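K.L.:
One structure, as structure tokens, below. Some questions next.
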Amino acid sequence: MELNKLESLLKKYEEGNTTLAEEKQLQYYFSSEEIPTHLRSYKIIFAYSANEKTRTYPGKTQLASKKGQFFFIGIAASILLAIGIFAWQNNIREEIPQQNVGTIEDPHEAYQKTKEALQMVAEVFNAGREDLEYLNEFNKTKNKFIKNQ
């Protein structure tokens, strides 16, 4: 095989672009004794590859079956899920009657409490709006920089 053709095949081999036929040509070439000194490292690679293709495992492999193990894990998970749902529903049933809803009979007092609650909600919304003003200023500055670029 010509040295130029050999080096181009080796380059294709290193990039992973060779066909099986081209790899067989390289395998055949590097199994011979006449190899240039700068390509002797490839002889080791192809000799190892040829050796590993013929290697077999003399023993028999047996994979352990885990079907029964997963079956019992599934049953245990289902039981735990059922117990959890049952306990959660019982907990909700017990909490509802114990809650103090706070019904106010006097209309004037109910009006005052509603007014206080709405005032508290308005304060939270105003605080959020102040944060939005900072965000608006940030966007204006950002847009200035974007337009300059």
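K.L.:
What is the residue count in the range 21-80 for residues that are small (Gly, Ala, Ser), modelled with pLDDT of 85 or more and within 30 Å of residue 3 (Cα to Cα)? Talk me through it step by step, then tell me what you get.
P.N.:
Initial filter on the range 21-80 (small (Gly, Ala, Ser)): 21, 31-32, 41, 47, 49-50, 59, 64-65, 68, 74, 76-78.
Still in the running and modelled with pLDDT of 85 or more: 21, 76-78.
Next, only the ones that are within 30 Å of residue 3 (Cα to Cα) stay: 21.
Qualifying residue count for the region: 1.
K.L.:
Under 8 Å by Cβ, and 6 or more places apart or on different chains, what pairs join a residue from the range 5-22 that is more than 16 Å from residue 50 (Cα to Cα) and among the acidic types (Asp, Glu) with one that is modelled with pLDDT of 90 or more and exposed (fewer than 13 other Cβ atoms within 10 Å of the Cβ)?
P.N.:
Final answer for the pair search is none.
K.L.:
Quick check, is residue 74 surrounded by 10 or more Cβ atoms within 10 Å (Cβ to Cβ) and among the small types (Gly, Ala, Ser)? Write out each step before concluding.
P.N.:
Details: surrounded by 10 or more Cβ atoms within 10 Å (Cβ to Cβ): yes; among the small types (Gly, Ala, Ser): yes.
Here the answer is yes, as residue 74 does meet what is asked.
K.L.:
Something else about it: How many of the residues in the range 81-103 are modelled with pLDDT of 80 or more and of a type in the set (A, V, I, L, M)?
P.N.:
Number of matching residues: 5.
K.L.:
So which residues in the range 1-35 are surrounded by 14 or more Cβ atoms within 10 Å (Cβ to Cβ) and assigned to a loop (DSSP other than H, G, I, E, B), if there are any at all?
P.N.:
18, 35 - these are the residues of the range 1-35 that are surrounded by 14 or more Cβ atoms within 10 Å (Cβ to Cβ) and assigned to a loop (DSSP other than H, G, I, E, B).
The values are calculated or read from the model by the stated rules, or taken from the named source; none is laboratory data. Worth saying up front: this structure is predicted, and the values here are computed from it rather than measured. Cβ: placed from backbone, ideal geometry, glycine included. Neighbour counts: every protein chain shown.
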